[in-house]
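A short worksheet on the structure shown next.
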Ligand SMILES: [Zn+2]
């Protein structure tokens, strides 16, 4: 698996790549999610660390998505938040990192409850910032940070993390770069 695989508006994933991904199930909150094998392992370590060091409980809100699921999510978000919001936050089928099994949308447990939507999550940036400190050690990056929208073409998403491998994650964090810069593929 190429953990630095770039998937965005200009670089859609192909069916052949999707079929090669080693996806494994992970059960949380009585739901089954799928992640790439190594990403599952690293995510569980991250989760443990974040809980022990910062007392924050994280969980998966979205992991791997098939092309069909991406189509459904796009139409659901359009209905719930409007077309303009969906355009800013939800990728078109084949153009979502969630097809790789390398991306995770996180949710947080606050006072015993898991946050249920993006608006609630956006109110907990303080907690997210604590989580971000631990990401590189487990090979994850905050994929759509503030101030890089011109390169990622996705608005700031505090919940979306992406596995790229420890070395790359540390490099990106240290140099304040997004994957598009690392791969030198931005307009
Ligand atoms: Zn996401």
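The values are calculated or read from the model by the stated rules, or taken from the named source; none is laboratory data. Here the structure is a predicted model, which is why all the values come from computation and not from measurement. Cβ atoms come from the backbone with ideal geometry, glycine included; neighbour counts cover every protein chain shown.
Please find, within the stretch 81-97, the residue that is surrounded by the most Cβ atoms within 10 Å (Cβ to Cβ) out of those that are in a helix (DSSP H, G or I) and touching a residue at least 12 places away in the same chain (Cβ under 8 Å). The residue in question is 97.
Looking only at residues in the stretch 47-69 that are crowded, with 19+ Cβ neighbours inside 10 Å and without any contact (Cβ under 8 Å) to a residue 60 or more places away in the chain, the one that is nearest to the chain's Cα centre (by Cα) is 63.
The requirement of being away from the ligand (no atom under 16 Å from the Cβ), touching a residue at least 60 places away in the same chain (Cβ under 8 Å) and assigned to a helix (DSSP H, G or I) is fulfilled nowhere in the stretch 151-160; no residue meets it.
Could you tell me whether the stretch 173-187 includes any residue that is under 15 Å from the mean Cα position of the chain (by Cα) and loosely packed, with under 15 Cβ neighbours inside 10 Å? Looking through the stretch 173-187, none of the residues is under 15 Å from the mean Cα position of the chain (by Cα) and loosely packed, with under 15 Cβ neighbours inside 10 Å. Scan the stretch 69-80 and give yes if some residue there is part of a loop (DSSP other than H, G, I, E, B) and modelled with pLDDT of 95 or more, otherwise no. No: zero hits. Picking from residues in the stretch 110-133 that are surrounded by 19 or more Cβ atoms within 10 Å (Cβ to Cβ), more than 14 Å from the ligand (Cβ to nearest atom) and touching a residue at least 12 places away in the same chain (Cβ under 8 Å), the one that is farthest from residue 41 (Cα to Cα) is 127.
Quick check: anything in the stretch 24-33 farther than 27 Å from residue 127 by Cα, touching a residue at least 12 places away in the same chain (Cβ under 8 Å) and assigned to a strand (DSSP E or B)? Outline the logic, then answer.
Narrowing the stretch 24-33 to residues farther than 27 Å from residue 127 by Cα: 24.
In the following step, the residues that additionally are touching a residue at least 12 places away in the same chain (Cβ under 8 Å) were identified as 24.
Add one more test, that the residue is assigned to a strand (DSSP E or B), and what stays is 24.
Yes, the stretch 24-33 contains at least one residue that is farther than 27 Å from residue 127 by Cα, touching a residue at least 12 places away in the same chain (Cβ under 8 Å) and assigned to a strand (DSSP E or B).
Across the stretch 161-181, what is the total count of residues that are out of contact with any helix residue (DSSP H, G or I) (no Cβ under 6 Å at 6 or more places or on another chain), more than 15 Å from the ligand (Cβ to nearest atom) and within 14 Å of residue 5 (Cα to Cα)? Number of matching residues: 3. Number of residues in the stretch 168-179 that are assigned to a helix (DSSP H, G or I) and either closer than 18 Å to residue 91 by Cβ or free of Cβ contacts under 8 Å to residues at least 12 places away in the same chain (or both): the value is 3.
Within the stretch 14-22, does at least one residue satisfy the condition of being modelled with pLDDT of 95 or more and under 16 Å from the mean Cα position of the chain (by Cα)? The answer is no; no qualifying residue exists. Scanning the stretch 134-150 for residues that are in a loop (DSSP other than H, G, I, E, B) and more than 12 Å from the ligand (Cβ to nearest atom), we see that the one that is farthest from the chain's Cα centre (by Cα) is 147.
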